[in-house]
Amino acid sequence: MQISSYFPAWKYDVRMTFDTPYASIRRADDTDRQTVVDVLTEAFTEDPIVRWLFPEPDQRAERLAGFYRTLLTHPAAEVYLAGDEGASVWLTMTAGPPPHEDHSDTRLSALARALDARHPDHEPHLYLACMGVISGRQGAGLGSALLRHRLERADPDGLPAYLEASSPRSRDLYRRHGFEEHGPPVRVADSPLLWPMWRRPA
């Protein structure tokens, strides 16, 4: 999950569908916003970094859903759905530092600044802002299918990719798809670790 502040976007274009052994992956459009928010909120409500950011259990899901609604209104994100069980949000980043966005929440703002400082700025790249699979379907291959779907098209374009893994399990998944750790993990105060990861095009 990405907590930082540079969400370049949600693009509206022709829906494209890609069948995999696990699910039909398609480009989401504006009619899919609530489904994407629901999938990502369910996937991350119990994630360690989300529990740290939003410690009040009775408010966590609502605040997290608000975070994703904000992300999905930005004009430049590519959003994909694997049925109604998995979703990914990719951003195409240009060279240079990401623009900083202030958050009213102190923890969120501190983590955003720490992640901004580590985000590579030396060349254009794809950025996986977030990818989640609902709890009942985790481990079924949907995450791998979502990754392959975008990375297989990034490789011919020579685009590297960057992300922050929010758990050892997700870090291992990304390693299997060619990502390597990009420096030491990030921690703010007593937060869980986040692992910046970088992938050169195959």
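Quick look at the numbers
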| read-out | value |
| --- | --- |
| Hits in the stretch 110-130 (condition: over 14 Å from the mean Cα position of the chain (by Cα) and part of a helix (DSSP H, G or I)) | Ala110, Leu111, Arg113, Ala114, Asp116, Ala117, Arg118 |
| Positions within the stretch 176-194 being within 27 Å of Asp155 (Cβ to Cβ), touching a Phe, Trp or Tyr at 6+ places or on another chain (Cβ under 8 Å) and part of a loop (DSSP other than H, G, I, E, B), in sequence order | Phe179, His182, Pro185 |
| Count of residues meeting criterion [free of Cβ contacts under 8 Å to residues at least 60 places away in the same chain, in contact with a helix residue (DSSP H, G or I) (Cβ under 9 Å, 6 or more places away or on another chain) and surrounded by 13 or more Cβ atoms within 10 Å (Cβ to Cβ)] in the stretch 167-184 | 7 |
| Matching residues in the stretch 137-166 - criterion: being aliphatic (A, V, I, L, M) and crowded, with 22+ Cβ neighbours inside 10 Å | Leu142, Ala145, Leu146, Leu147, Ala161, Leu163, Ala165 |
| Total residues in the stretch 132-174, condition under 15 Å from the mean Cα position of the chain (by Cα), closer than 16 Å to Arg199 by Cα and not in a helix (DSSP H, G or I) | 5 |
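Readers should treat all values here as calculations from the given coordinates under stated rules, not as data from a laboratory. On a predicted model such as this, the values are computed, not experimentally measured, just so you know. Every residue, glycine among them, receives a Cβ derived from its backbone with ideal geometry; neighbour counts consider all protein chains shown.
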